[in-house]
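Engineer: Let me give you the structure first, and then I'll get to my questions.
The values are calculated or read from the model by the stated rules, or taken from the named source; none is laboratory data. In this text, all values refer to a predicted model and were calculated from it rather than measured experimentally. Methodologically, a virtual Cβ is constructed for each residue, glycine included, from the backbone with ideal geometry; neighbour enumeration extends over all protein chains shown. Protein only, heavy atoms only, side chains kept; ligands, DNA and RNA dropped before computing areas. Shrake-Rupley method; radii C 1.70, N 1.55, O 1.52, S 1.80 Å.
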Amino acid sequence: MLYAHEVVLNELAQGIKPLAEGVAWFEGLSEGDRREVLSTLVLFCGQARAVEGDVPESIARSGIRPTHTPAVMLTKWRFGMAALPAHELTKSFRLLVALFGIADTRRRKLWCAGGCAHEWHNLPGPRRGAR
């Protein structure tokens, strides 16, 4: 059984929900919850087998500048975004959702193409903008 925030993160990664909706949801959370969501996203990126080669596309998709702290961290393959100052959390969220989306799309194509029993890959709703 997936927790509500896990469903939201997977819906964003799969393009079921638009990023703008995800950002609004994220910004509505307490600062502590936002930090926990970022930690969960880092875990999900690892589980989806994100690779350093995904970083440039993640930065481009996220809409943040390559010079922003979370992007610089990711280019150095550092994932401590949850510890950044509060004003960096939304940028970190956008970036990690993009990275998760890229890695999870590849994972679904390579290992789940014929269908799978992963609860997070069988969410209801159309895949809008999935890449």
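Engineer: Of the residues that sit in region 57-73 and are farther than 14 Å from GLY101 by Cβ, part of a helix (DSSP H, G or I) and touching a residue at least 12 places away in the same chain (Cβ under 8 Å), which one is most open to solvent (accessible area, probe 1.4 Å)? Spell out the reasoning first.
Structural biologist: First, the residues of region 57-73 that are farther than 14 Å from GLY101 by Cβ: 64-73.
Of the ones still in play, those that are also part of a helix (DSSP H, G or I) are 69-73.
Among the residues that remain, those that are also touching a residue at least 12 places away in the same chain (Cβ under 8 Å) are: 69-71.
Values: THR69: 58, PRO70: 0, ALA71: 0 Å².
The residue in question is THR69.
Engineer: Of all residues in region 1-49 being of a type in the set (D, E, K, R), part of a helix (DSSP H, G or I) and open to solvent by 60 Å² or more (accessible area, probe 1.4 Å), which is farthest from TRP77 (Cα to Cα)?
Structural biologist: Out of the qualifying residues, it is GLU21.
Engineer: Right, another one. What pairs can you find where one residue is in region 78-101 and modelled with pLDDT of 95 or more, the other is of a type in the set (Asp, Glu) and not in a loop (DSSP other than H, G, I, E, B), and their Cβ atoms are less than 7 Å apart, with a gap of 6+ or different chains?
Structural biologist: From residues that are modelled with pLDDT of 95 or more, the pairs are ALA86/GLU31; THR90/GLU27; LEU99/ASP54.
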